[in-house]
Amino acid sequence: MRTALTLVCLLLALPVLAVLGAWAGLDAQALATLRHQAGTVLASYAAQSALLALGVAVGVTLLGAATAAAVTLLDFPGRRSFEWALLLPLAMPAYVLAYAWTDALQYSGALQTALRGWLGLRGALWPDVRSLGGAVLLFVLALYPYVYLLTRTALGERAAHLLEAARLLGAGPWRRFGAVALPLARPAVTAGLALAVMETLADYGVGAYFGLATFSTGIFRAWLVLDDRIAAAQLASMLLAVVALLLAVERRAQRRMRFAAMRRSGGSAEAVPQRLRGAAAAAAWALCALPVLLGFVLPVGWLLWLLVQELRYAEFGLPLARFAGWAWASLRLAGTAALLATALALALGFALRPAGARGRRGLLAPAAALLALGYAVPGAVIAVGVLLPVGPLQAALPGLPVAALVTGSAFGVLLAYLSRFSAVALQSVQAGYARIGASIDETARLLGSRRRRIFWQLHLPLLRRSALAAALLVFVDAMKELPATLLLRPFGSDTLAVVAYNLARDERLGEAALPSLAIVVVGLIPVLMLSRAMRSGEPGAAT
């Protein structure tokens, strides 16, 4: 079993290894391609990606940390509601947010047209949202919850007793924030910032829709437009190197967060929030309300309005039969990926369990660690890594239909999904195993139970909630995944994410509203689960 699991982990890590291995055969053609890219597009890809990442980093840091500090350290009307409402933009993929705001704010849109008629003006009332600055703003609205969630956890749990001690010693709110809260929250802010920047660099939908020249859009252009797999592999490996650096920063920050938690002296006292009144309370309320309105409420409302208009004025009505087909394709692929990833995570969690020391021998542990890196890898990189080995494998195995099996097939999409999202399921299952003491296994073995019986009759019932959470998280991530699905999907079998992107690209935003709303509704599932867990005070609910 351990050998089989090791081979599965290595197979799912193959896309990442294939991208890195593209540099192993650096011949004259590859060097010429690299020189050509360096002299033409590489500088613009690097500059726009860097500016986009920098703007998003500043924005999510300020907005996420400010909202977390407001709901944790201050008391104002609506504070309890904002604690969970500030998580709602997590359900809104950035590319769906881009579709909604572009249609709402464009020059020919209903809003600008009505305002120009009312004010008697002719020109554009504001800059086009499809720009680098507009992309930064949309990413900030979609990704600030990463910083908000981790920072709120740090302030509410790790710094609670120190903030209360500072208050009793006479320190004012600003001094408590600057001298106590801010230093303790810095690792959480850094971890959330790294996650947000990784998501920004991994995005393809917003960059392609806004016409930005980023590494992710460059990978697609090199592969699909120029048909140059070497250029695509080189760009993918550069992006992978940047993501690896960000992942190292995030993991270092997470270790510092755990160290701060271990240093806590016990007790569950919470910091007493500072009561606000008048203008200060209104300012705190506006600070928390604006990101929720701009990042979730208004975009969802606009998409609903577009859907209603499409229903009223569409000449032939909405293609509900085709929508059912797209929804079924999405549900089938995402559901299969969720089941396979959860089953793999359960098997790996059991094999790597400390109570079974034999399960940690060999290559299984490093293979599982390599697989765990997949979630940090952008979907475009995973897709290129899936396609790169097809040619050499087909040449080495001429009797097998390798190309037909991977390209334009459900197998290729599932391979990409499992390569990227198995780490999510494994993390959830391992968190569940952490709550099962090793003494339970030892007692069962002393009573004569075999390992297989221990898993099926003892572990599996105790891991039911963790397995369900793992399956739901993988399901939602797979439903929202765009770049890997766009490159690898079976012909004639589009998913909701691909259909929404294609319709929005063709400026058919009214038709794109229905699949976009379906993706948002599915994305609400883990957000509501997280909000419920945080309100119930479950350990580790917010981490």
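The figures follow:
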item	result
Residue within region 477-494 that is among the aromatic types (Phe, Trp, Tyr) and under 22 Å from Cys9 (Cα atoms) present	no
Test: residue in region 487-499 that is open to solvent by 10 Å² or more (accessible area, probe 1.4 Å) and more than 20 Å from Ala321 (Cβ to Cβ)	yes
Enumerated helices (runs of 4 or more DSSP H) restricted to region 1-105, each holding at least 2 residues that are within 27 Å of Leu371 (Cα to Cα) and open to solvent by 60 Å² or more (accessible area, probe 1.4 Å)	2-12, 14-21
Given (1) surrounded by 13 or more Cβ atoms within 10 Å (Cβ to Cβ); (2) at pLDDT 75 or above; (3) of a type outside the set (D, E, K, R); (4) closer than 27 Å to Val140 by Cβ, index of the condition Ala260 fails	(2)
Unique match (being outside any helix (DSSP H, G or I) and in contact with a helix residue (DSSP H, G or I) (Cβ under 8 Å, 6 or more places away or on another chain)) among Leu125, Leu162	Leu125
Residue check, Gly374 at pLDDT below 80 and either open to solvent by 10 Å² or more (accessible area, probe 1.4 Å) or part of a helix (DSSP H, G or I) (or both)	yes
Members of region 395-408 that are surrounded by fewer than 18 Cβ atoms within 10 Å (Cβ to Cβ) and either among the hydrophobic types (A, V, I, L, M, F, W, C) or at pLDDT below 75 (or both)	Ala395, Ala396, Leu397, Pro398, Gly399, Leu400, Pro401, Ala403, Ala404, Leu405, Gly408
Test set (1) open to solvent by less than 30 Å² (accessible area, probe 1.4 Å); (2) within 23 Å of the chain's Cα centre (by Cα) - Phe411 fails condition number	(1)
Leu212 under 23 Å from Val16 (Cβ atoms) and either open to solvent by 10 Å² or more (accessible area, probe 1.4 Å) or not in a helix (DSSP H, G or I) (or both)	no
Residue pairs meeting the criteria (Cβ under 8 Å; at least 6 apart or on separate chains; first in contact (Cβ under 8 Å) with a residue 60 or more places away in the chain, in region 275-304; second of a type outside the set (Lys, Arg) and open to solvent by 50 Å² or more (accessible area, probe 1.4 Å))	Ala281/Pro77; Trp285/Pro77
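Let's see how each residue does on (1) modelled with pLDDT of 75 or more; (2) more than 24 Å from the chain's Cα centre (by Cα); (3) more than 30 Å from Val189 (Cβ to Cβ):
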| residue | (1), (2), (3) |
| --- | --- |
| Thr217 | yes, no, no |
| Arg221 | yes, no, yes |
| Leu246 | yes, no, no |
| Arg251 | no, no, no |
| Ser265 | no, yes, no |
| Gly295 | yes, no, no |
| Leu311 | yes, yes, yes |
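The values are calculated or read from the model by the stated rules, or taken from the named source; none is laboratory data. Every value quoted in this text rests on a predicted model; they were computed, and no experiment measured them. In this analysis, Cβ positions are derived from the backbone assuming ideal geometry, glycine residues included, and neighbour counts consider all displayed protein chains. Only protein heavy atoms, including side chains, enter the accessible area calculation; ligands, DNA and RNA are left aside. Shrake-Rupley method; radii C 1.70, N 1.55, O 1.52, S 1.80 Å.
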